[in-house]
Amino acid sequence: MSKVVDLSVIVPVYNEAENLPPLFQRLIDTLDKIKQPYEIVFTNDGSADASLDILKGFYKSRPDVVRIIDFHGNFGQHMAIMAAFERSRGKTIVTLDADLQNPPEEIPKLLTKISQGYDCVGSYRANRQDSFFRTYVSRLVNWFRESTTDIKMRDQGCMLRAYSRQIVDQIVQSEERSTFIPALAYKFSFNPTEVEVKHDARAAGVSKYNLYRLIRLNFDLITGFSLLPLQIFTLFGMTISALSGLLVAYMLLRRLIVGPEAEGLFTLFAILIFLVSVVITGIGIIGEYLGRIFQTLSHRPRYIIREVIEKKK
Ligand code: UDP
Ligand code: MG
């Protein structure tokens, strides 16, 4: 398939059987109205429910616009988008969640910005409809990202975004694996902007991010785009070395003036345990970066595709 279209809409799908039919209907209604050639690329990210069969049904009904990438297993939302990026043919590429939290009706708003010459159209959610916990964690990570990286965006978690072909090509070429697509896109953009979009509660099913996956994702964001965690460690280590150097000098003096002492054992323990825990955290942080290097250097495929279902042209 090499025919270029104006617009590619990319949807990662992981166990979204109930949401897919209304999503598809609303997408088709919105995109048909735009009256430009488009394609919808669904990546089935190892769903265990009926999602793949439903997607195949969409392909049967609209083979002219639907393409399906079926992953062999679950490789994560960002890799699902990456695979679709690689195969997309649109001059403009829009990403969207499958759970109807991002209303498809907002897509024209993003396209207007693209036609005004912006190459990366981010979005922030008006009245975010997520749990208090999720919203709070997001705010914390947003703040941390703002202060540790040069990536400026109001709401990194909102995936309803539009990119120019050039940015998507750069993302694909970067060969990153555990990455965070909106941040990567921002890095490559010359002229980014943001718009406000509506946000709905998940139509059906539950979030695919449990606490562990949420932590992993946010680690990817920080370690993928900043060295500050490592640098904080070096600075902390230097400060502690300086302070303990002073302490040694003081203890030496006391030894000469007061003579041998053995009090303060528990204080010593407390300080030691604290420092050991800091060291362990440090090793962990180094491990995060080392793991990324290892993954990149091992040259294994980022994801494995079982089948691509699309009209042969
Ligand atoms: N998703 C995916 N693979 C995953 C996790 C999520 O393709 O491993 C998809 C999911 O089907 C949805 C989108 O990514 O279309 C966002 O996921 P979710 O709504 O669970 O995230 P949240 O809105 O809670 O951040
Ligand atoms: Mg969601």
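Computed from the coordinates by the stated procedures, all read-outs in this text should not be read as laboratory data. None of the values given here were measured: they were computed from a predicted structure. Every residue, glycine as well, gets a Cβ built from its backbone with ideal geometry; the counts of neighbours run over all protein chains shown.
Can you tell me the FRET efficiency between PHE219 and GLU175 if r is taken as the Cβ-Cβ distance and R0 is 25 Å, rounded to the nearest 0.05? Let's see the in-between values first.
On the way: r = 19 Å, r/R0 = 0.78.
So the FRET efficiency works out to roughly 0.80.
Applying 0.36 nm per residue to the separation of LYS56 and THR112 and subtracting their alpha-carbon distance, the gain on full extension is 17.1 nm. Relative to the current alpha-carbon distance between ARG254 and ARG26, full extension at 0.36 nm per residue lengthens the span by 74.3 nm.
Close amide H contacts of VAL9 (hydrogens built in the peptide plane, cut-off under 5 Å, sequence separation of 5 or more or a different chain): GLU39, ILE40, VAL41, VAL94.
In this structure, LEU247 and LEU297 have a Cβ-Cβ separation that, at R0 = 45 Å, corresponds to a calculated FRET efficiency of about 0.60. Here the Karplus relation 6.51 cos²θ - 1.76 cosθ + 1.60, evaluated at θ = phi - 60°, turns the backbone of the stretch 117-132 into coupling constants of x, 7, 9, 8, 9, x, 8, 10, 8, 6, 6, 3, 9, 10, 5, 4 Hz, with x for every Gly and Pro. Remark: MET79, MET251 ranked as MET251, MET79, counting other beta-carbon atoms within 10 Å and listing the fewest first.
Estimated at 0.36 nm per residue, the fully extended path between GLN36 and ILE280 surpasses their Cα-Cα distance by 82.3 nm. For the stretch 107-129, backbone nitrogen atoms closer than 17 Å to the point 7 Å from PHE190 Cα along Cα-to-C-beta are found at 114-121.
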